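Okay, so here's the structure we're looking at.
The values are calculated or read from the model by the stated rules, or taken from the named source; none is laboratory data. On a predicted model such as this, the values are computed, not experimentally measured, just so you know. Because the Cβ atoms are built from the backbone with ideal geometry, glycine has one as well, and the counts that use them run over all protein chains shown. The accessibility values were calculated without ligands, DNA or RNA, using every heavy atom of the protein model including side chains. Shrake-Rupley method; radii C 1.70, N 1.55, O 1.52, S 1.80 Å.
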Amino acid sequence: QIDSGNVELVPSQSWIGDLEVNSRFGAWGALKTRLFAERIEDIVDRIPIPARDLDNDGRPDDANGDGLADFGESPGNIDEAERYGVEVNWTLNFDPLGLKGLRLISEIELGASRVDDPVTGESRRISGQEISDVELNLRHDVAGTD
């Protein structure tokens, strides 16, 4: 096991843009839609770190003897990344159908991100970035109760 760190780590900086639209549908409920985009400089992500040079030959060590230098990983900065997506929140009231106090509350987020991988050079998602998140809650407030 190799422990590593990065003393040159700097905080990321983001430029964020979003557009939010709210709609009400009377007794039926409401809808909120938000589009967002974020450009991130110096994003903190996992990056490869060469193993130590314990024999002082100027090359990272090959502890397992496979002929390849050993690498670990550590938090580090990647030049730039992008994150974008849409969030939709809505409340559907069932009062107009005669079901007093019953409502469906939903939250949906769909997103994507892009960062150039420091090892392969190919575009990939930001580490830990969720593609989607869906939450549905059915709630019934009984009339005349707390």
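Per residue of the range 96-112, in order, report the coupling 6.51 cos²θ - 1.76 cosθ + 1.60 (Karplus, θ = phi - 60°) as ³J(HN,Hα) in whole Hz, putting x for Gly and Pro.
My calculation for the range 96-112 gives x, 8, x, 9, 4, x, 8, 8, 10, 10, 10, 9, 10, 10, 10, x, 9 Hz in order.
How far apart, in nm, are the 7 Å Cα→Cβ label points at LEU99 and TYR84?
3.8
Where in the range 74-111 does the amide nitrogen come within less than 15 Å of the point 7 Å from the Cα of THR145, taken along Cα to Cβ?
100-103
Along the Cα→Cβ direction, 7 angstrom out, place labels at LEU92 and THR120. What is the inter-label distance in nm?
With each label point 7 Å from Cα toward Cβ, the separation is 3.9 nm.
So if each residue of separation counts as 0.36 nm, and I subtract the Cα-Cα distance between GLU8 and VAL21, what length gain in nm does that give?
In short, 0.6 nm is gained.
Report the accessible area of VAL119, computed with a 1.4 Å probe over the heavy atoms of all protein chains in place, in Å² rounded to the nearest 10.
100
For a quick check of understanding: with a 1.4 angstrom probe and all protein chains in place, what accessible area in square angstrom does TRP15 have, to the nearest ten?
130
Using a 1.4 angstrom probe with every protein chain in place, what is the largest-first accessible-area order of ASP141, ASP45?
ASP141, ASP45
In Å and whole numbers, how far do the C-alpha atoms of the range 82-137 stretch along each principal axis, longest first?
Extents along the principal axes: 59, 14, 9 Å.
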